[in-house]
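Okay, structure first, notes after.
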Amino acid sequence: MTAKLMNFRTIAIYVLLAGAVSAHAQSVTTATWIGPASGGEWNTPQYWDTGAPPLDPTTNAFIGFNTNVSYNFQMTPERFGQLILHGVLNVNAPGFNCSSNLMIRAGGGNRLFINSGGVMDVTGNFIFTSNASVTINPGGVLNVGGELMVGSGITPPGYTGGGTAGASGWMTNNGGTIRASATTINRANSSASSLLLINGGTNDLGAVTIRRSVAGGTAPGLGTEGLVISNGLVRMTSLDLGGPNGNSWLTLLLVDGTVTNTGDFIVRQITPGRASRFVQTGGLFVSTGSGGVN
């Protein structure tokens with residue numbers, strides 16, 4: 001009986017040790033770019049303070065302000081953790097896969113370019129605000145498994161990198177591909193104008209919500225905020241102009257291209273005299289779901 005009890009105790013110790021090792025293995029680290037201020041290649045090991053680019057989902061990547069980095073060939077790992085971008089990143093090759101993307105820096109200056117041949121795959125949310133910008137050029141692809149937050153999004157728990165979620169963000173698709181489960185412009189409904197400009201390409205935006213602009217008593221100029229579709233193919237699973245608390249001007253402007261919506265189509269005006277605007281001057285808009293004006 002004594003031997004069996006000792007054996008059980010030994011097993012318990014092994015279990016505790018295994019749990020401690022597992023917890024340690026899952027701790028998150030951050031690889032910080034220390035390479036050239038301009039022209040450095042993402043995949044160069046000595047350009048990271050960890051001695052290697054981020055290699056697995058437990059390692060985040062941080063690129064600082066006044067730094068211009070290029071990703072020119074496919075990375076070795078299947079996926080890394082979060083990308084925290086305060087500088088400039090050029091994605092020129094496939095296989096740039098991360099768990100989430102965060103572009104929040106006081107004063108802005110952080111920019112992401114997805115160029116021809118570049119493919120960025122984000123399993124979680126894609127957040128950019130604080131005057132950050134994203135450009136997708138012809139042949140570039142952005143896949144977002146979670147929510148695409150264009151400006152004034154959310155500050156993730158524990159984030160201490162500065163900047164504010166209540167500020168503008170700008171995204172332009174010049175002919176590439178966007179795929180997202182949901183797309184929200186000015187998610188936090190802050191007094192800030194953000195813009196998603198679609199000049200072409202294929203855009204599967206999922207459930208779309210457009211919230212307020214910075215304008216006060218006077219309507220902002222058409223094309224300066226909200227969702228502007230100048231060309232291309234746009235597909236939505238729902239469209240909500242305003243959201244549950246949207247107010248103070250917000251716009252979807254369709255100039256050209258083809259837009260299809262398969263879900264609800266709602267236009268809400270919450271603040272009297274500050275309209276939620278759906279403006280079509282050209283192109284084709286087809287909505288097969290229910291719709292209404294609140």
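The values are calculated or read from the model by the stated rules, or taken from the named source; none is laboratory data. Only a predicted model underlies this, so the values are computations on that prediction, with no experimental measurement involved. Here Cβ is always computed from backbone atoms with ideal geometry, including for glycine, and neighbour counts include all displayed protein chains. The accessibility values were calculated without ligands, DNA or RNA, using every heavy atom of the protein model including side chains. Shrake-Rupley method; radii C 1.70, N 1.55, O 1.52, S 1.80 Å.
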key: Charged-residue dipole, Cβ positions (Lys, Arg, Asp, Glu), the chain about Cα centre, Debye nearest 20   = 540 debye
task = Quick one: grab the alpha carbon gyration tensor of segment 59-117, order the square roots of its eigenvalues as a ≥ b ≥ c, and give me rounded if a/c is under 1.5, else prolate or oblate depending on whether a/b is larger than b/c.
result = oblate
message = Accessible area of segment 164-262 with a 1.4 Å probe: how many percent of it is carbon plus sulfur?
response = 50 percent
Positive-pole candidate from Pro244, Thr260, Gly217, dipole of segment 137-294, charges at beta carbon = Gly217
note = Helix 2-25 sits off the longest principal axis of the Cα atoms of the chain, rounded to the nearest 10 on a 0 to 90 degree scale, by 40 degrees
query = Considering segment 203-270, what Rg and Dmax in Å follow from its alpha-carbon atoms?
reply = 12.0, 34
message = From the C-alpha coordinates alone, can you work out the Kirkwood hydrodynamic radius of segment 75-149, in Å?
response = 12.2 Å
key: Gyration tensor (alpha-carbon) shape descriptor, segment 24-136, a/c threshold 1.5   = rounded
request  = Measure off, as a whole percent, the carbon and sulfur share of the 1.4 Å-probe accessible area of segment 101-152, all protein chains present.
outcome  = 50 percent
task = Alpha carbons only, please: Rg and Dmax for segment 236-288, in angstrom.
result = 11.6, 31
request  = Please give the per residue accessible area of the chain, computed with a probe of 1.4 Å over protein heavy atoms only, in Å².
outcome  = 42 Å²
query = Where does segment 153-294 land on Rg(C-alpha)/(2.2 N^0.38 Å)?
reply = 1.01
task = Putting +1 on Lys and Arg Cβ atoms and -1 on Asp and Glu Cβ atoms, find which of Gly291, Thr177, Ile229 reaches farthest to the positive end of the dipole of segment 149-294.
result = Gly291
ask   = Can you give me the Cα centroid spacing of segment 178-209 and segment 70-114 in angstrom?
value = 19 Å
query = When all alpha-carbon pairs of segment 112-237 are counted, what percent fall beyond 18 Å?
reply = 49 percent
ask   = Tell me, what is the FRET efficiency for Asn72 and Ala219 to the nearest 0.05, using R0 = 45 angstrom and their Cβ-Cβ distance as r?
value = 0.55
